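Novice: Questions regarding the structure given below will be posed in turn.
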Amino acid sequence: MDTAPTVPPTQQTDAAYRPIEEYGLIGDMHTVALVGTDGSIDWFCMPRFDGPSVFARILDAEKGGFFQVALQGREVTSKQFYWPETNVLVTRFLSDDGVGEVRDFMPVAGQVAETDRRQIIRMVRAVRGTVTFRIQCHPAFDYAQADHSTDPTGRGVCFRSEEQALSLATEVELERDGDGVVADVTLEEGESTTLALRGIDPGEGCAPTLSPEQAERAFRDTVQYWRDWLSQCTYTGRWREEVYRSALALKLLTYEPTGAIVAAPTCSLPEDIGGIRNWDYRYTWIRDAAFTLYAFLRIGFTEEARDFINFLSGLVEQTASGEGPLQIMYGIGGETDLTEETLSHLEGYRGSTPVRVGNGAYDQLQLDIYGELIDAVYLHDKYGVPVSYETWRSMRTFVEWVCENWDRADEGVWEVRGGRQQFVYSKLMCWVAVDRGLRLARKRSLPADEERWRRCRDRIYESIMDNGWSPDRQAFTQQFGGDTLDASILMMPLVRFISPGDERLLKTLDATLKSPDNGGLVSNGLVYRYNLGETHDGLEGEEGTFNICTFWLVEALTRASAVEPERLEDARLIFEQMLGYSNHLGLYAEETGTHGEALGNFPQAFTHLALISAAYNLDRALDE
């Protein structure tokens with residue numbers, strides 16, 4: 001007797017999840033939704049980025065919840081793209097019966113947009129032929145922990161939990177399907193229908209449907225908003241499309257009420273499939289500060305730079321958790337308590353547990369953040385608005401604190417959980433903190449103990465040169481007295497600690513460019529942050545190459561080309577190869593896996609900031 005082959009459980013689990021790179025992003029500068037190439041919204045939190053999820057199928061295929069609109073039929077394929085120069089996402093389905101598409105967006109302007117309501121509009125249309133769409137909406141409130149009622153109306157349905165509620169308004173006749181709804185709708189060529197998902201209060205009535213005219217107006221208003229915003233961009237160099245897409249993605253990751261930028265809009269997407277390196281990135285890292293300011297200012301977005309520096313200025317007045325006057329990260333509303341919890345009822349993306357919300361690293365000691373913050377203030381003073389006296393007083397306090405504490409061990413830029421070390425990058429950014437403080441004081445004639453600061457800056461510099469250089473490896477290393485390489489060292493010329501043509505830096509570049517098997521960090525043009533076999537970071541499992549580190553390498557090579565011109569072509573080839581590792585929409589996760597797949601939270605702000613910076617400086621070098 002013939003029997004069907006048994007599918008191993010791991011393969012069944014894998015089949016239930018889309019690859020991370022097969023998602024697009026829509027948003028309204030309060031929160032976002034991830035939309036798969038199959039037309040399914042598998043991640044959406046309300047009422048803001050760090051709120052509890054309503055749809056989280058990306059973290060649990062069975063319980064997480066989803067909202068899918070997909071074409072029915074045989075041999076259906078799909079393609080996904082952004083409406084040019086916008087964050088309006090189009091998923092187009094091709095089948096034997098014809099062509100259908102779904103336009104997804106969150107209103108940010110016009111009559112339909114509301115500042116206190118989160119809305120997702122899904123415009124469904126038949127482009128060619130007669131096509132049938134299957135609509136399925138299954139919310140799972142509070143990370144699939146809260147029960148809800150399903151209350152159909154004449155024109156849609158309301159889902160109500162104790163704390164949150166959703167209204168799905170549509171002319172399509174919906175049927176109950178457990179705690180969700182389902183419907184099939186057939187459209188003739190040229191016909192369309194609209195689904196409007198809206199956050200409401202639990203005791204509130206359902207929202208009205210949108211007429212075809214209202215839906216079209218909302219679409220046009222949203223398109224115009226994004227076109228107008230992008231028109232501020234002053235970048236006109238090579239790779240313009242990629243820079244534009246990175247800028248548009250960064251705008252989506254901005255929390256408009258405060259100007260904060262989340263590191264990524266997702267939590268617990270794994271750095272290693274099946275592993276434990278799963279973190280919540282829906283917060284603002286001080287470390288991103290200088291990169292954010294630099295990227296926005298370089299391409300003309302002065303308002304976003306100003307809003308972000310205002311957000312940072314507000315943080316310095318707060319009492320921090322941990323040992324220093326600053327935390328490494330804050331909530332997007334300035335919150336200081338980001339206690340980490342494990343959601344054990346969720347199976348995690350492709351079985352990658354634990355699923356974490358909150359971030360336990362928030363009270364770590366990471367000395368580098370002071371350099372990044374003060375460098376951000378320095379850049380804003382240089383390219384934006386002169387520093388205020390109130391801000392200067394805070395910066396002066398931070399410099400004084402750095403002078404007292406720079407020689408301490410810390411958890412470092414990579415937030416290791418294996419104990420504190422004397423990380424070279426931390427010392428480097430302490431040098432930046434004092435150096436930028438001195439530059440600001442001199443430029444603006446601000447009160448400061450300049451003599452003490454100069455002595456401290458010089459001590460840090462010599463300490464790095466004496467203890468951070470390995471004669472055996474002929475390279476700067478991860479820790480004082482160590483032999484392990486670290487990609488963060490590539491920042492040395494970028495922060496002007498050392499000349500791009502310095503012999504020690506060039507030798508460090510050569511050591512880094514070797515393959516991991518030969519002691520380096522570069523695998524076919526992609527860069528690991530460090531060698532896991534040589535670094536005890538307190539965690540098990542593997543990880544991919546870090547996308548931001550690859551862009552750092554491009555910048556380091558670009559700057560080194562001033563003395564060794566042949567390195568400029570290397571920089572360009574690595575950069576252009578890296579562009580090929582984005583997804584179909586030009587978006588990047590935190591890491592790239594061994595099969596070219598996206599790993600980690602998605603999309604990641606830091607990666608897109610680094611892309612903009614690398615493109616700007618490489619383009620300028622190629623024109624010289």
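The values are calculated or read from the model by the stated rules, or taken from the named source; none is laboratory data. None of these values were measured; they are calculated from a predicted model. Virtual Cβ from ideal backbone geometry, glycine too; neighbours counted across all protein chains shown. SASA here: full protein model, heavy atoms, side chains in, ligands and nucleic acids out. Shrake-Rupley method; radii C 1.70, N 1.55, O 1.52, S 1.80 Å.
Novice: Just to be sure I follow the rule: in the chain, considering lysines 8 or more places apart or on different chains, how many pairs have Cα atoms under 29 Å apart?
Specialist: Value for the chain: 8.
Novice: List every residue whose amide H lies under 5 Å from the amide H of Arg529, counting only residues 5 or more places away in sequence or on a different chain, with H placed 1.01 Å from N in the peptide plane.
Specialist: Correct list: Phe546.
Novice: Let me ask you something else. Taking θ as phi - 60°, what are the ³J(HN,Hα) couplings along region 514-528 by the Karplus curve (6.51, -1.76, 1.60), each to the nearest whole Hz, with x for Gly and Pro?
Specialist: For region 514-528, the Karplus curve yields 5, 6, x, 5, 9, x, x, 10, 10, 10, 6, x, 10, 10, 7 Hz.
Novice: So if each residue of separation counts as 0.36 nm, and I subtract the Cα-Cα distance between Glu204 and Asn467, what length gain in nm does that give?
Specialist: Contour length minus the Cα-Cα distance gives 88.3 nm.
Novice: Another one. Measuring from the lowest to the highest alpha carbon on each principal axis, how far does the chain reach, largest first, in angstroms?
Specialist: Sorted from largest, the Cα extents of the chain read 75, 66, 48 Å.
Novice: How tilted is helix 450-467 with respect to the longest principal axis of the chain? Cα atoms for both, answer in degrees (0 to 90, nearest 10).
Specialist: 80 degrees
Novice: How far, in degrees from 0 to 90, does helix 605-623 lean away from the longest principal axis of the Cα atoms of the chain, to the nearest 10?
Specialist: Relative to the chain, helix 605-623 is tipped by roughly 60 degrees.
Novice: If packing is taken as the mean number of other Cβ atoms within 10 Å per residue, what is the order of 484-493, 149-158, highest first?
Specialist: Those peptides, ordered most packed to least, come out 484-493, 149-158.
Novice: Taking the simple approach of a point 7 Å from Cα along Cα-to-Cβ for both Asn531 and Gln72, what is their distance in nm?
Specialist: 5.8 nm
Novice: Using a 1.4 angstrom probe on the protein heavy atoms only, line up Asp201, Asp410 by accessible area, largest first.
Specialist: The residues order as Asp201, Asp410, largest area first.
Novice: Roll a 1.4 angstrom probe over the protein heavy atoms and tell me the percent of accessible area of region 483-611 that is carbon or sulfur.
Specialist: That share works out to 45 percent.
Novice: Roughly how tilted is helix 302-315, in degrees to the nearest 10 and between 0 and 90, from the longest Cα axis of the chain?
Specialist: 70 degrees
Novice: Continuing with this model, one more query. Going by average Cβ density within 10 Å per residue, which order do the peptides 520-531, 49-60 take, highest to lowest?
Specialist: 49-60, 520-531
Novice: Work out from phi, with θ = phi - 60° and the Karplus expression 6.51 cos²θ - 1.76 cosθ + 1.60, the ³J(HN,Hα) of each residue of region 546-551, listed in order in whole Hz, and give x for Gly and Pro.
Specialist: 8, 4, 5, 5, 5, 5
Novice: Can you order the peptides 66-72, 228-234 by their average number of other Cβ atoms within 10 Å per residue, highest first?
Specialist: The packing order, highest mean first, is 66-72, 228-234.
Novice: Further question on the same structure: Take the alpha-carbon centre of region 113-154, take the same for region 180-220, and report the distance between them in whole Å.
Specialist: Taking the Cα centre of region 180-220 as reference, the centre of region 113-154 is 8 Å away.
Novice: Could you order His138, His584 so the one with the most accessible surface comes first? Probe is 1.4 Å.
Specialist: His584, His138
Novice: If DNA, RNA and ligands are ignored and the probe is 1.4 Å, what is the ranking of Trp83, Trp279, Trp43 by accessible area, most exposed first?
Specialist: Correct descending sequence by accessible area is Trp83, Trp279, Trp43.
Novice: Moving to a separate point now. Can you pull the percent of region 20-62's accessible area that's carbon plus sulfur, 1.4 Å probe, other chains left in place?
Specialist: Answer for region 20-62: carbon and sulfur cover 47 percent of the accessible area.
Novice: Do you know the relative contact order of the chain, to the nearest whole percent, from alpha carbon pairs under 8 angstrom that are 6+ apart?
Specialist: Relative CO of the chain lands at 12 percent.
Novice: Residue by residue, what Karplus-based ³J(HN,Hα) values in Hz, rounded to whole numbers, does region 99-112 have, using 6.51, -1.76 and 1.60 with θ = phi - 60° and x for Gly and Pro?
Specialist: Ordered by residue, 3J(HN,Hα) equals 10, x, 9, 10, 9, 10, 7, 10, x, 10, 7, x, 5, 6 Hz.
Novice: Scattering from the C-alpha atoms of region 185-224 alone, worked out with Debye: what is log10 I(q)/I(0) at q = 0.20, 0.26 1/Å?
Specialist: Cα-only, vacuum Debye calculation for region 185-224: -0.78, -0.98.
Novice: Please report, as a whole percent, how much of the solvent-accessible surface of region 83-193 comes from carbon and sulfur atoms (probe radius 1.4 Å).
Specialist: 38 percent
Novice: Over the chain, give the accessible area per residue in Å² for a 1.4 Å probe, as an integer.
Specialist: With the other protein chains kept in place, the chain gives 38 Å² per residue.
Novice: Between Glu340 and Thr234, what length comes free when the chain is fully extended (0.36 nm per residue of separation minus the Cα-Cα distance, one decimal in nm)?
Specialist: Full extension of this stretch gives 34.1 nm more.
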